[in-house]
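Presented below is the structure to which this report refers.
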Amino acid sequence: MAQLTDICILAENPDWCSHIPRPQFKKLERISVPSDWFQVYRVKPDVFAISEPRQYEEVISYLIVGTKQALLFDTGMGIAKMRPVVESLTSVPVSVLNSHTHPDHIGGNYEFDNILGLDTPFTKKNAGGNSDMEIKSWVDRNHICGSLPAGFDANKYSSRAFQISRLIKDGEVIDLGNRRLTVLRTPGHTPDSLCLLDSEHRFLLTGDTFYPGPIYLFSPETDFNAYVQSIDRMVAHQNEIDELLAAHNEPLAPATTLSKLKTALAQIQSGKSKPIENDGLKEFTFEGFSFLMK
């Protein structure tokens, strides 16, 4: 298998490939898995970051393993099969829960039988699948480093339909056996965005509500005021956690980032922070993250 550092120096790759692998991954324990598309790292005991660094979005899904069952938080782009990777990491039954139902986080849902989800119109719509041209652009030459997986047909790429097995609610506790995860609804990025709090092990899985880099707040389904309220809710739990586990780019960030997000949003609301134009959008830039807005 070619090393990622070798792949990224090929002349035909887009410029963004030069920044991967990102520095934080070099400090983490890499786990061997039966796939050359995914890279898997142990970020905490029984918590695995399943990254897709060769696609522009650099999506990170997470497998959290308990003594009785495991939870897969997001299933990535759907470019390569996720299930064989998960089954190589644990033998306990696996349920899926999505941080939200944008296509880059539900791509492998169809591979799994037990899928948890919120009861929202946005969730139900996305569970039906999506094959529009924007999704197909995610696997064009500008968005991929190196080669796509063997047998992958870019012309047929789509977000495949899946069935939700059980509805979950805000505040629900998911008991995996020796590990309890609390569902926190955090709408804003999408109407069905949520985070998972593990207060015993002191971390928060944030999905796309936070990740290091430009945070997308420009989609039609985005609600900026709801996003501000969700950050406030996350800040209220800041003393219960040490780290955030994010869904793009790099997995780990300190819990104090939540306070920085709150301060940054207040500066945007007050007009103190001024945006720059970025490809027709407004980008408000802060240390370690930014917000892309219309």
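The values are calculated or read from the model by the stated rules, or taken from the named source; none is laboratory data. This one's a predicted model, so the numbers in the text were calculated from it and none came from an experiment. Quick reminder, even Gly has a Cβ in these numbers, built from the backbone with ideal geometry, and neighbours come from all protein chains shown. Note: accessible area is taken over every heavy atom of the protein model, side chains too, but ligands, DNA and RNA are not part of it. Shrake-Rupley method; radii C 1.70, N 1.55, O 1.52, S 1.80 Å.
Listing for the model above:
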{"quantity": "Residue match in segment 126-142 (condition: open to solvent by 50 Å² or more (accessible area, probe 1.4 Å), of a type outside the set (Asp, Glu), within 26 Å of His19 (Cα to Cα) and in contact with a Phe, Trp or Tyr (Cβ under 9 Å, 6 or more places away or on another chain))", "calculated": "yes"}
{"quantity": "Selection from segment 70-91 of residues that are over 22 Å from Ser137 (Cα atoms), in contact (Cβ under 8 Å) with a residue 40 or more places away in the chain and either open to solvent by 10 Å² or more (accessible area, probe 1.4 Å) or in a loop (DSSP other than H, G, I, E, B) (or both)", "calculated": "Pro84, Ser88, Leu89"}
{"quantity": "Residue pairs meeting the criteria (Cβ under 7 Å; at least 6 apart or on separate chains; first over 18 Å from Leu184 (Cβ atoms), in segment 93-104; second among the small types (Gly, Ala, Ser) and assigned to a strand (DSSP E or B))", "calculated": "Val94/Ala70; Pro103/Ser159"}
{"quantity": "Val59 at pLDDT 95 or above, open to solvent by less than 20 Å² (accessible area, probe 1.4 Å) and farther than 19 Å from Asp104 by Cβ", "calculated": "no"}
{"quantity": "Pair list, Cβ < 9 Å and 6+ apart or interchain, from segment 276-292 residues that are without any contact (Cβ under 8 Å) to a residue 60 or more places away in the chain to residues that are acidic (Asp, Glu)", "calculated": "Ile276/Glu283; Glu277/Glu283"}
{"quantity": "Every residue from segment 170-182 that is touching a residue at least 24 places away in the same chain (Cβ under 8 Å), touching a Gly at 6+ places or on another chain (Cβ under 8 Å) and in a strand (DSSP E or B)", "calculated": "Asp175"}
{"quantity": "Criterion (out of contact with any His (no Cβ under 8 Å at 6 or more places or on another chain) and under 27 Å from Asp242 (Cβ atoms)) met by exactly one of Arg160, Arg141, Arg166, Arg180", "calculated": "Arg180"}
{"quantity": "Top-ranked residue in segment 263-285 [being in a helix (DSSP H, G or I) and of a type in the set (Gly, Ala, Ser); ranked as nearest to Phe48 (Cα to Cα)]", "calculated": "Ala264"}
{"quantity": "Residue list for segment 204-217, restricted to those being open to solvent by less than 30 Å² (accessible area, probe 1.4 Å) and aromatic (Phe, Trp, Tyr)", "calculated": "Phe210, Tyr211"}
{"quantity": "Among the candidates Arg160, Arg179, Arg185, residue that is crowded, with 17+ Cβ neighbours inside 10 Å, within 24 Å of Gly78 (Cα to Cα) and of a type in the set (Lys, Arg)", "calculated": "Arg160"}
{"quantity": "Residue within segment 44-53 that is of a type in the set (Ser, Thr, Tyr), assigned to a strand (DSSP E or B) and either touching an Asp or Glu at 6+ places or on another chain (Cβ under 7 Å) or at pLDDT 95 or above (or both) present", "calculated": "yes"}
{"quantity": "Residue, most open to solvent (accessible area, probe 1.4 Å), within segment 9-49, restricted to residues that are under 13 Å from Leu252 (Cα atoms) and aliphatic (A, V, I, L, M)", "calculated": "Leu28"}
{"quantity": "Of all residues making up segment 244-291, the number that are over 25 Å from Ile64 (Cβ atoms) and within 17 Å of the chain's Cα centre (by Cα)", "calculated": "2"}
{"quantity": "Residue list for segment 109-136, filter: polar (S, T, N, Q) and more than 17 Å from Gly76 (Cβ to Cβ)", "calculated": "Asn114, Thr120, Thr123, Ser131"}
{"quantity": "In segment 218-262, the residues that are in a strand (DSSP E or B) and either basic (Lys, Arg) or crowded, with 17+ Cβ neighbours inside 10 Å (or both)", "calculated": "Glu243, Leu244, Leu245, Ala246, His248, Leu252, Ala253"}
